[in-house]
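Enquirer: Take a look at this one; I'll ask things after.
The values are calculated or read from the model by the stated rules, or taken from the named source; none is laboratory data. Keep in mind the model is a prediction, meaning the values are calculated, not measured. Neighbour counts run over all protein chains shown; Cβ positions are idealised from the backbone, glycine included.
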Amino acid sequence: MITSQSPEGSRRGPLGVPRALTGAIATLTLVLAVLVVLVFAAGAAPARAKRGPLARAAQATTDCDHDGDSPLGVEFEECGTAPPEPGKTFSPAEKAQAGEQEGQVRKLYLTYCGSSLSDPLTYLVLLTPLVAPCTEASIWIEHLKGLVADPPESAVSLVALPAVQASTGPASTEPKRRCTFGAATCRRGGVVASAYEHALEQESAAAGALATTLNRLSATPSGPESQFGSSPGAFPTYSRRTQVAASRLYSGLLAAWSDRLNAARANFVHFLDGLGSKAKRAAAKTPPGLPSKLLWKTYHGMNVYEIGQLYLDLETQTVEEYIATHPGSQPSGTLAAALTAGKNTLDEDMYQLYLASNGSGAARARGIAAAGAKFSRDADNFAAIPGLAAIAPEAPLSARLFGFAVEGLTRNKPKPPTAP
């Protein structure tokens with residue numbers, strides 16, 4: 001049986017999210033992700049720090065978060081030192097800051113995603129069928145509202161899955177405008193704009209899964225609910241370790257898509273720069289991806305015990321429980337045989353990964369790299385089993401995500417799976 005200790009406390013600190021929302025929607029992508037990364041870093045700290053004061057104390061004449069507010073009124077709430085309420089993740093000051101940011105994002109959404117589009121959305125709508133920044137802005141608003149509400153999350157044993165949200169708001173219902181540039185320019189623009197839009201959607205999906213995971217982490221019990229799972233020798237039921245592992249997984253997913261977003265943005269900006277001064281000004285307003293160094297570091301903090309718990313929970317949640325609770329989803333024939341063979345292969349891969357983690361030095365690193373690479377390949381093969389999506393719709397994505405999670409034991413920066 002595999003057991004391990006997982007982080008059991010939380011360390012509180014100010015949100016520290018940049019307030020300079022210049023360049024229209026250029027910082028929307030930063031808002032939630034900086035919040036959740038800092039909160040996750042807080043969640044992994046020793047429990048003794050939970051009772052400590054905020055690093056910044058409120059000063060009667062100081063703009064503590066450098067957002068230009070008067071030290072009176074709202075600023076007093078933002079810079080308070082009151083601890084979080086029992087069962088809550090954020091302090092009143094942190095929730096006040098998130099609330100103010102939600103208001104700022106909402107203003108930008110109303111300004112740039114109404115019936116009359118402005119740069120750079122005009123160029124995106126000319127070249128792609130959707131207006132991704134409007135979609136992402138609406139999602140950020142919902143995430144920030146959730147942070148302000150700071151609700152306790154009851155689904156502590158479930159692993160959140162990333163999902164691309166449907167477009168919302170007036171922009172999503174407008175007919176696609178016809179590209180007015182030359183044919184070659186329109187074709188090139190369609191390619192670079194679509195790549196940028198896709199990366200932006202995927203980064204938002206990863207951030208949403210990470211935000212949900214962090215809310216669940218804040219509600220988990222400090223110790224295993226069952227040391228032996230459903231039977232002696234089985235994995236323990238350990239919600240905290242599940243959510244810590246998922247937090248590391250989605251930190252890596254967010255890092256990978258942020259890197260891709262920055263690359264796609266560079267290509268899109270270069271394209272817009274060549275269309276004239278107005279498009280060049282629009283290029284400066286396109287949202288960038290996150291700095292990914294800290295996210296990659298969190299992802300590479302994964303250990304084999306977290307991997308084991310995540311594997312058990314993802315497989316149970318998206319395959320076994322789904323099939324058991326949906327009449328007509330029971331596999332038969334070749335599909336049933338393929339599922340059994342695939343599951344047995346992944347079980348053996350998990351055991352080999354555990355054995356490799358018990359090595360030392362260079363041999364350990366080589367063993368983990370080899371076992372992790374095989375696990376990733378077998379997880380991708382499991383996801384591609386014909387007919388799997390028909391009986392368990394979330395199973396293919398969860399398998400690809402698990403293959404990605406295993407790479408967190410290495411120093412690799414793997415290709416990220418794509419959310420549906």
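Enquirer: Has segment 219-236 got at least one residue that is assigned to a helix (DSSP H, G or I) and assigned by TED's automatic domain parsing to the domain that holds V105?
Expert: There is no residue in segment 219-236 that is assigned to a helix (DSSP H, G or I) and assigned by TED's automatic domain parsing to the domain that holds V105.
Enquirer: Report, by residue number, each residue of segment 353-363 that is surrounded by fewer than 17 Cβ atoms within 10 Å (Cβ to Cβ) and in contact with a helix residue (DSSP H, G or I) (Cβ under 7 Å, 6 or more places away or on another chain).
Expert: Hits for segment 353-363 are Y354, G359.
Enquirer: So which residues in segment 397-415 are crowded, with 20+ Cβ neighbours inside 10 Å and over 17 Å from the mean Cα position of the chain (by Cα)?
Expert: L409
Enquirer: Select from segment 216-236 the residues that are more than 20 Å from D347 (Cα to Cα) and of a type in the set (A, V, I, L, M) and write down the one among them that is modelled with the highest pLDDT.
Expert: Among them, the one singled out is L217.
Residues are listed down the side, and each one gets a yes or a no for (1) of a type in the set (A, V, I, L, M, F, W, C); (2) part of a helix (DSSP H, G or I); (3) in the same structural domain as A245 (by TED's automatic domain parsing):
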residue: L335; (1), (2), (3): yes, yes, no
residue: G342; (1), (2), (3): no, yes, no
residue: E348; (1), (2), (3): no, yes, no
residue: Y354; (1), (2), (3): no, yes, no
residue: A371; (1), (2), (3): yes, yes, no
residue: A379; (1), (2), (3): yes, yes, no
residue: R400; (1), (2), (3): no, yes, no
residue: K415; (1), (2), (3): no, no, no
residue: T418; (1), (2), (3): no, no, no
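Enquirer: On to the next question. Can you name the residue in segment 288-326 that is out of contact with any Ser or Thr (no Cβ under 7 Å at 6 or more places or on another chain) and of a type in the set (G, A, S) and, of all such residues, is modelled with the lowest pLDDT?
Expert: Out of the qualifying residues, it is A324.
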